[in-house]
1. Hey, if you drop one equal point scatterer on each alpha-carbon of the stretch 239-350 and run the Debye formula without solvent, what base-10 log of I(q)/I(0) do you get at q = 0.14, 0.22 Å⁻¹?
2. Can you work out the Karplus-derived ³J(HN,Hα) for every residue in the stretch 110-119? Use 6.51 cos²θ - 1.76 cosθ + 1.60 with θ = phi - 60°, whole Hz, and x for glycine or proline.
3. Of Leu135, Leu258, how do they rank once you tally other Cβ atoms within 10 Å and put the fewest first?
4. Cβ neighbours within 10 Å, averaged per peptide: list 356-367, 182-193 in order, most packed at the top.
5. Report the equivalent ellipsoid semi-axes for the stretch 5-161 in whole Å, largest first, defined as the square roots of five times the eigenvalues of the gyration tensor built from alpha carbon atoms.
6. Once you have a ≥ b ≥ c as the square roots of the Cα gyration tensor eigenvalues for the stretch 358-431, tell me rounded if a/c is under 1.5, and otherwise prolate or oblate according to whether a/b is larger than b/c.
7. What Kirkwood hydrodynamic radius, in Å, does the chain give when the mean of 1/r is taken over all pairs of distinct Cα atoms and then inverted?
8. Can you give the calculated 222 nm mean residue ellipticity of the chain, where each DSSP H run of n ≥ 4 adds -39,500 (n - 2.57) and the sum is split over every residue, rounded to the nearest 500 deg cm²/dmol?
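Nothing in this text is a laboratory measurement; each read-out follows from the coordinates by a stated rule. Keep in mind that what you see is a predicted model, and the values were worked out from it rather than measured. Cβ coordinates were reconstructed from backbone atoms using ideal geometry, including for glycine residues, and neighbour counts include every protein chain displayed.
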Amino acid sequence: MQKTLFEKIWEAHEVSSLSEVQSLLYIDRIFLHERTGAIALQSLAEKQRQVRQRAHAFCTMDHIVDTIPGRSAHTLMPSGREFIIATRSATQDADIRLFDISDPDQGIVHVLSPELGIALPGSTIICPDSHTCTLGGVGAVGWGVGSTEAEHALATSTLRVKRPRTMRINYTGEAPANLTAKDIILLTIRTLGTGGGSGFAIEFSGDAIRKLEVEARLTICNMSVELSAFTGIIEPDPQVMDWFSGRDFAPTGEQLDLAKSYWQSLKTDALATFDRETTIDLSQAKPQLSWGTSPEHCIDHDGKIPEPKDAPSKIAREAWRRALEYMELKPSTHLSNYPIQAAFIGSCTNSRLSDLRAAADYLQQTNNKVAKGVKAICVPGSGRVKRAAEAEGLDKIFIEAGFEWREPGCSLCFYAGGEDFGEGARIVSTTNRNFEGRQGIRAKTHLASPISVAASACAGFPIGGLL
């Protein structure tokens, strides 16, 4: 029987079929963070249960911890210190690996997972965070769960899961050289809508995807949840397999050879069928900028802000009207007409070394400086990313251009760390969400690629970065 990549991984992890639509799955890895990790672990302890596979459970400090140099457990977020202390205690009692603030490998959970070889091709991995789907970029099946589900998986290494339908997005056409992975996924969400993947596990496919580097694939899958998908996944090819050599928690020696032999089978069979297929032509695609309060509210970097009357439905028309009102934008104008107060490079979407290199290359080649009145921040996704960037001198490029250079963490991706850009600030950001208030009180966020954020910071208004 011909099977899709997702179906192969699902069936390999099916402990029991509970019904036609539900399975009990084996969970290979569980990753927690300080915002919810202590809750699951404390609940487990109160019931006098232990973590079944301690070597398969991990935790990091990323969501609430400050990213300002010299940080400590005394965070800007009220009660943040209590979360951090509780997480330290709970992970110590449970005897699982914690990447604490002072740990050289501390960082954002979805950056650490593949970087350290915790998430592997063909594996299942969960985390109490909706962007766990990021890990599909290396051929893993990852999805976000609640604290109760995390607790169950910690105790049993299994989880009851409703089986999603399968969907494939085929990308055709030669993608322009200046089109980044972030532009591709924003264009996809713009095309299909934020509900376009609801109930599906999405496989991203086509020559344009195969040409992407591993870290770019992680960016694509990161925003699967913005399509309302259960998860996203990309076939692991030799580039991915080689990428795991030498990573801390990845197999080594003969075990790595055996793993690669299995990984080679992780591909959709030629005659396998999907419940839904769609095609997106990238040949004429341009860098994307979001204008509204949903990731689907995107336009070409040189396009005009749309008129509500042109919306595809009555519901969309009202959503566009409200978004324009919140964002303080006028239809049929260009985003370049609106000054920004901040620029942010970071988050689990775009904080890896390749992302920082792209933005730094733009700054170095153009010799541009951050515009007056713009607060620009660059936050590496992990300690390893930060050290590698500094070894290449990227930190100096950012600082000389006028960016702040920070410690690893989620930072200003969302308004939970106690820091913001100021009430009502207009921001160009590499993050994945632009909801009302996402980056602060009445903050107005425009999503973009790292290059476009660097360009916008220097221009003083939203602009597509072109090299």
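1. Log-scaled intensity ratios, in q order: -0.83, -1.25.
2. Running phi through 6.51 cos²θ - 1.76 cosθ + 1.60 with θ = phi - 60° gives 7, 8, 5, 3, x, 4, 9, x, 7, 8 Hz.
3. Ascending Cβ contact count within 10 Å gives the list Leu258, Leu135.
4. Ranking the peptides 356-367, 182-193 by packing returns 182-193, 356-367.
5. Each semi-axis is √(5λ); the values are 28, 18, 12 Å.
6. oblate
7. 22.4
8. Counting only the DSSP helices, I get -9000 deg cm²/dmol.
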